[in-house]
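Scroll down for the structure; my scribbles are underneath it.
The values are calculated or read from the model by the stated rules, or taken from the named source; none is laboratory data. Note that the coordinates shown come from a computational prediction; the quantities given were computed from them, not determined experimentally. Heads up: the accessible areas ignore ligands, DNA and RNA and are worked out on the full protein's heavy atoms, side chains in. Shrake-Rupley method; radii C 1.70, N 1.55, O 1.52, S 1.80 Å.
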Amino acid sequence: PPPLVEKRPPSPSFDSTKNLNAVPATKTPQNPLDFLSTISTCVAEREQEEASKKQQEQQQQRHQQQLAATSSLAVIQDNIPKSAYRPILPNSANDESYVGQRNSLGQRHGKGAMNYSNGCRYVGQFLHDKRHGFGKCWYPNGCIYVGYWVNGKRDGLGKMLYLSGDIYEGEWMGDQRHGVGVYYCTDGVAEVCRYDRHDVVGEGVQFSPCRSMANRLVDGRCVSRMSLEKALGLCALMGIKSVPTRMPQF
């Protein structure tokens with residue numbers, strides 16, 4: 001019989017280029033500071049998005065209030081006789097005249113039109129004999145205000161046409177410009193500023209008449225030129241979404 005031959009499994013191939021003493025690669029642990037920095041960046045971006053969304057909602061709310069106020073004034077004027085708009089002379093025998101709603105005490109209360117002895121003429125809403133709500137007032141010096149009133153004083157959103165032709169449109173408190181507003185000059189310049197009881201405070205933006213250039217304002221003073229992109233960003237922080245393009249209409 002043929003001799004028995006023992007079958008052995010083939011020996012594994014040997015790769016001479018492989019380093020047997022090589023240490024297997026391990027994953028480098030992440031730096032905790034980098035991890036915290038990533039989290040902080042994400043939180044900051046989310047807060048910025050929420051702040052931007054809140055500003056847009058506030059701007060839309062202001063726009064809706066202005067539209068509602070405009071329609072409210074139209075309704076008030078439609079319900080008042082045209083004879084009520086006749087101005088009276090100061091210190092005249094009539095002294096004062098009022099046409100409109102009253103409460104049980106006989107006070108001007110509701111919608112009405114009032115001619116004052118000093119020459120002022122007001123059409124709008126009253127509360128206990130005081131201008132309160134939305135209304136329009138013509139002053140004897142030629143100024144015109146249309147907007148909100150609280151206890152007889154300009155308070156809330158409103159706009160004023162001055163004798164010089166300049167127009168301010170924005171927030172009021174206690175008969176003074178207070179809050180964010182836009183001041184339109186007769187030469188076409190528009191300034192977006194923040195007011196504190198009639199005084200300009202903090203940073204603001206001054207747009208050229210053609211709106212192609214912008215200056216940075218600090219406390220009402222022009223300090224430097226700034227790009228339109230930065231100007232719009234600063235306006236957005238104050239709640240003004242776009243460049244003031246035209247003079248408000250009265």
Under a 5 Å amide H to amide H cut-off, with H placed in plane at 1.01 Å, what residues pair with residue 127 once short-range neighbours are removed? 110, 132
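What pairs from 54/159; 54/153; 130/159; 130/241 go past 31 Å between their alpha carbons? All intermediate terms of the calculation are to be shown ahead of the outcome.
Details: 54/159 24 Å; 54/153 29 Å; 130/159 20 Å; 130/241 34 Å.
Result: 130/241 exceed 31 Å.
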In what order, largest first, do 180, 150 sit by accessible area if the probe radius is 1.4 Å? 150, 180
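Probe radius 1.4 Å, ligands and nucleic acids left out: which of 163, 232, 157 has the largest accessible area, and how do the rest follow? Spell out each step's value before the answer.
On the way: 163 130, 232 65, 157 30 Å².
So the residues, ranked largest to smallest area, are 163, 232, 157.
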With every protein chain in place, what's the accessible area of residue 229 (1.4 Å probe, Å², nearest 10)? 150
